[in-house]
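*Asks:* Below you will find the structure I want to go over with you.
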Amino acid sequence: MNVFEWRIPDAVVDTAVWVLVLIGALLCLTAAIGLLRLRDVPNRLHAATKPQVLGLLLICLAIALSQRSVIGIVLGLLLVAPVVLMQFATAPLSAHMVGRQAYRNGTIDERSLVVDELADSKRTPPAAG
Amino acid sequence: MNPLLLVIMVVFAVAAILAVVRIVIGPSILDRAVAADVLLTEVMCVLGADMAINHHTRTLPVLIVVAAVGVFGSISVARYVARRDNTPS
């Protein structure tokens with residue numbers, strides 16, 4: 001009896017795929033609403049980087065699940081793993097760069113900061129990255 | 001057409017329109033960079049949803065390439081943006 005030849009019932013797979021894609025789409029909508037509603041660049045970054053990566057993760061799971069057989073799901077997971085890993089690696093990177101530049105640029109709402117630990121080092125040399 | 005498919009399409013469309021609205025109204029270039037990043041990730045989500053719903057994997061290379069190079073947009077904008085751009089805050 002070979003595990004890799006098991007087939008999951010079509011109705012189960014279809015329902016799971018629809019639900020995962022729907023949740024992913026709603027998370028995309030959440031990110032877009034946050035982008036429009038929130039006040040300054042760091043707040044918008046907060047909305048932009050988190051829900052959408054989770055939505056992409058769910059949609060990648062749906063891609064793998066939609067291959068139906070167990071061997072197909074394993075192969076699909078191997079194929080979508082680079083996408084999710086790259087997104088996990090690069091979303092904080094770009095958010096960090098944009099957030100730092102927003103701080104130096106003054107495009108943040110300074111009154112909303114509780115503690116400004118970088119106030120002393122605000123005069124960084126221009127070539128500091 | 002499956003009503004759930006219609007709902008998913010409308011949700012994706014509204015999300016894309018909201019991101020484009022943020023790109024248009026700015027106000028600073030960093031806001032536009034963040035919104036463009038969101039729009040790009042949403043394009044990836046739409047490609048993935050298409051693959052999952054229609055049971056194919058033809059656009060998976062596109063997804064991988066977009067995931068790999070999409071980050072350079074906002075990083076380079078953040079790196080080379082002027083120290084203080086001339087926008088009223």
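The values are calculated or read from the model by the stated rules, or taken from the named source; none is laboratory data. Treat the numbers as computed from the prediction; the structure is a model and nothing was measured. Glycine also receives a Cβ, built like all others from the backbone with ideal geometry; neighbour counts cover every protein chain displayed.
*Asks:* Name the single residue, out of those in region B:39-75 being hydroxyl-bearing (Ser, Thr, Tyr) and facing another protein chain (nearest Cβ under 9 Å), that is nearest to A:Leu36 (Cα to Cα).
*Replies:* B:Thr41
*Asks:* Something else: For the structure I just gave you, tell me whether A:Gln52 is polar (S, T, N, Q) and within 16 Å of the chain's Cα centre (by Cα).
*Replies:* Answer is yes for this residue.
*Asks:* Counting only residues that are in contact with a helix residue (DSSP H, G or I) (Cβ under 6 Å, 6 or more places away or on another chain), among the aliphatic types (A, V, I, L, M) and either in contact (Cβ under 8 Å) with a residue 40 or more places away in the chain or facing chain A (nearest Cβ under 9 Å) (or both), how many does region B:22-35 have?
*Replies:* 4
*Asks:* Could you please give the count of residues in region B:21-30 that are surrounded by 15 or more Cβ atoms within 10 Å (Cβ to Cβ) and under 14 Å from A:Ile33 (Cα atoms)?
*Replies:* So the answer is 2.
*Asks:* Answer with yes or no whether A:Val70 is more than 9 Å from chain B (Cβ to nearest Cβ), exposed (fewer than 15 other Cβ atoms within 10 Å of the Cβ) and aliphatic (A, V, I, L, M).
*Replies:* Numbers: more than 9 Å from chain B (Cβ to nearest Cβ): yes; exposed (fewer than 15 other Cβ atoms within 10 Å of the Cβ): no; aliphatic (A, V, I, L, M): yes.
No: the conditions fail for A:Val70.
*Asks:* In region A:31-40, which residue that is touching a residue at least 24 places away in the same chain (Cβ under 8 Å) and surrounded by fewer than 23 Cβ atoms within 10 Å (Cβ to Cβ) is nearest to the other protein chains (Cβ to nearest Cβ)?
*Replies:* Restricting to residues being touching a residue at least 24 places away in the same chain (Cβ under 8 Å) and surrounded by fewer than 23 Cβ atoms within 10 Å (Cβ to Cβ), the top hit is A:Asp40.
Per-residue answers, yes or no, for (1) at pLDDT below 90; (2) more than 23 Å from B:Asp31 (Cβ to Cβ); (3) out of contact with any Cys (no Cβ under 6 Å at 6 or more places or on another chain):
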residue	(1), (2), (3)
A:Met1	yes, yes, yes
A:Leu27	no, no, yes
A:Lys50	yes, no, yes
A:Leu57	no, yes, yes
A:Arg68	yes, yes, yes
A:Leu75	yes, yes, yes
A:Leu93	yes, no, yes
A:Gly99	yes, no, yes
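*Asks:* Assess whether B:Ala52 counts as being over 14 Å from the mean Cα position of the chain (by Cα) and buried (at least 19 other Cβ atoms within 10 Å of the Cβ).
*Replies:* For B:Ala52, the condition - over 14 Å from the mean Cα position of the chain (by Cα) and buried (at least 19 other Cβ atoms within 10 Å of the Cβ) - is met.
*Asks:* Anything in region A:73-88 that is under 17 Å from B:Glu42 (Cα atoms), without any contact (Cβ under 8 Å) to a residue 24 or more places away in the chain and surrounded by fewer than 22 Cβ atoms within 10 Å (Cβ to Cβ)? List them, or say none.
*Replies:* Matches in region A:73-88: A:Leu85, A:Met86.
*Asks:* Quick one: which helices (runs of 4 or more DSSP H) sit completely within chain B and have at least 2 residues that are more than 26 Å from A:Asn43 (Cα to Cα) and touching a Ser or Thr at 6+ places or on another chain (Cβ under 8 Å)?
*Replies:* B:29-54
*Asks:* Applying the selection to region A:109-129, what residues are at the interface with another protein chain (Cβ under 9 Å from one of its Cβ atoms) and either surrounded by 12 or more Cβ atoms within 10 Å (Cβ to Cβ) or at pLDDT 80 or above (or both)? Give the steps one after another, and end with the answer.
*Replies:* At the first step, the residues of region A:109-129 found to be at the interface with another protein chain (Cβ under 9 Å from one of its Cβ atoms) are A:109, A:126, A:129.
Passing the criteria: only A:Asp109.
*Asks:* Residues A:Ala62, A:Ala47: which one is in contact with a Leu (Cβ under 9 Å, 6 or more places away or on another chain) and either touching a residue at least 24 places away in the same chain (Cβ under 8 Å) or not small (Gly, Ala, Ser) (or both)?
*Replies:* Values: A:Ala47 fails: either touching a residue at least 24 places away in the same chain (Cβ under 8 Å) or not small (Gly, Ala, Ser) (or both).
From the options A:Ala62, A:Ala47, the qualifying one is A:Ala62.
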